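The values are calculated or read from the model by the stated rules, or taken from the named source; none is laboratory data. Treat the numbers as computed from the prediction; the structure is a model and nothing was measured. In this analysis, Cβ positions are derived from the backbone assuming ideal geometry, glycine residues included, and neighbour counts consider all displayed protein chains.
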Amino acid sequence: MARPKDEVRIGVIGYGAMGKAHAYGYTAAPVIRRLPVNPKLAVMSGRNENAVAAASVAYGFESWTTDWRSIIERPDIDIVDICTPPGAHAEIVQAAASSGKAVFCEKPLSVSVASARAAVDAVKKNGVLNAIGFNYRRLPAVALMKQLVQNGEVGDVLLWRGIWLSDEFLDPTIPFDWRFDRQMGGTTIGDLGSHLVDMAEWMIGPVAEVSAQSATFIAQRSGPGGRGTVPVGIDDASSALIRFANGARGVMEVARTCARRPCDFTVEVNGTLGTLVFDYTRLNELQIGRVDDDALFYGRRTVRAEHPSHPYAGDWWAIGQGVGYGSSFVNFFADLLQAWPEGPWSPGLEDGLRVQVVCDAMERSVEERRWVTIGS
């Protein structure tokens with residue numbers, strides 16, 4: 001059968017939680033928004049044959065493979081979507097770009113600045129569309145927050161703070177796996193922190209200088225099959241002071257050892273005219289307090305980011321119904337497919353490299369116990 005002209009065929013590399021989220025995003029995008037093209041889940045890859053076979057059926061793929069390179073070699077694949085552990089990202093990006101495929105890569109872009117830069121060089125050299133998975137930009141309340149900052153609703157920004165807390169690594173009996181391997185899973189700064197750094201620079205502007213601290217509370221994890229122990233190569237918790245190029249100041253904290261914190265993050269902006277607060281536990285809401293508001297209403301008002309005038313909200317449900325985590329991927333992929341094939345796509349891998357540079361500066365600050373200038 002001839003391939004429909006409006007069909008965009010997608011190969012997803014990785015079948016875990018992110019592979020599932022991306023498959024959902026592509027599937028729901030044309031339901032939520034009228035698009036000029038029709039995404040097709042063509043093939044999914046993974047190392048575990050039984051697991052990837054089951055996932056591919058559950059997520060609606062036409063086929064599966066245990067060899068990711070075979071996806072890149074297929075002439076019918078238009079977009080290579082990378083959902084592997086971060087340590088494998090750069091190699092796959094370079095291979096996909098060399099084959100002329102558009103690339104969507106989950107964050108962080110890589111586990112080092114050098115490999116992240118190699119990935120960016122590859123997509124530039126081959127002129128392929130590319131994007132990095134900072135999906136929280138696409139939540140209506142977060143997008144509204146960015147819009148209000150950009151429009152000057154809180155005046156000149158003085159302070160920014162981002163906090164992301166989870167209990168993912170609190171249990172000391174969790175065995176060692178790739179998440180604790182710095183060369184494969186990256187650090188907590190690079191994982192959770194990359195989202196916060198992206199939102200900080202997207203909303204406020206470039207970070208100029210950082211001073212950070214880190215701690216690893218559980219230094220050893222049990223090895224494969226419970227045999228022996230393996231040293232943990234990453235931080236359990238980190239925090240940083242931030243100086244922005246425009247003079248604003250910031251604070252960031254990330255931790256995966258906070259009891260009964262499943263995935264809690266907040267972003268706050270304080271300006272000369274007001275304050276904005278986003279709390280992920282109430283992800284359809286944005287709090288705003290302005291200095292020119294009537295004193296009778298002193299404090300912060302809650303805006304429900306569900307009105308058709310708010311970013312993305314008009315594509316979704318009636319006011320009052322709200323959206324969830326999955327909508328960030330639906331909105332993201334709808335934006336990318338809307339721009340197919342000319343682009344541009346945003347944020348691109350170059351944005352991912354920039355975030356990698358800032359996170360690397362934080363990690364060097366920890367090691368050297370000093371302020372580190374970005375790019376130094």
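Annotations
- Only listed residue being outside any loop (DSSP other than H, G, I, E, B), without any contact (Cβ under 8 Å) to a residue 60 or more places away in the chain and surrounded by fewer than 19 Cβ atoms within 10 Å (Cβ to Cβ), chosen from Thr275, Thr266, Thr281: Thr281
- Failed condition for Ser239, given (1) in a helix (DSSP H, G or I); (2) under 20 Å from the mean Cα position of the chain (by Cα); (3) not basic (Lys, Arg): (1)
- From Arg354, Arg282, Arg369, Arg300, residue being basic (Lys, Arg) and either at pLDDT below 95 or touching a strand residue (DSSP E or B) at 6+ places or on another chain (Cβ under 7 Å) (or both): Arg300
- Answer residue from the range 316-334, given it is part of a helix (DSSP H, G or I) and surrounded by 18 or more Cβ atoms within 10 Å (Cβ to Cβ) and is farthest from the chain's Cα centre (by Cα) among those: Ala334
- Filtering the range 38-53 for residues that are outside any strand (DSSP E or B), touching a residue at least 40 places away in the same chain (Cβ under 8 Å), farther than 17 Å from Ala102 by Cα and not basic (Lys, Arg) leaves an empty set.
- Residue satisfying all of: in the range 102-134; closer than 27 Å to Ala23 by Cβ and hydroxyl-bearing (Ser, Thr, Tyr); farthest from the chain's Cα centre (by Cα) among these: Ser115
- For the range 65-90, a residue qualifies if it is hydrophobic (A, V, I, L, M, F, W, C) and in contact (Cβ under 8 Å) with a residue 40 or more places away in the chain, and the qualifying residues are Trp68, Ile71, Ile72, Ile77, Ile79, Val80, Ile82, Cys83, Ala88.
- Flag for Ala58 being aliphatic (A, V, I, L, M), at pLDDT 95 or above, surrounded by 14 or more Cβ atoms within 10 Å (Cβ to Cβ) and outside any loop (DSSP other than H, G, I, E, B): no
- Scanning the range 292-306 for residues that are without any contact (Cβ under 8 Å) to a residue 60 or more places away in the chain and either part of a strand (DSSP E or B) or closer than 11 Å to Glu153 by Cβ (or both) returns Asp292, Arg301, Thr302, Arg304.
- Residues in the range 44-75 that are acidic (Asp, Glu) and more than 27 Å from Ala116 (Cα to Cα): 2 in all.
- Scanning the range 50-76 for residues being touching a helix residue (DSSP H, G or I) at 6+ places or on another chain (Cβ under 6 Å) and hydrophobic (A, V, I, L, M, F, W, C) gives a total of 2.
- The set of residues from the range 3-25 being without any contact (Cβ under 8 Å) to a residue 40 or more places away in the chain, assigned to a loop (DSSP other than H, G, I, E, B) and closer than 19 Å to Gly185 by Cβ is empty.
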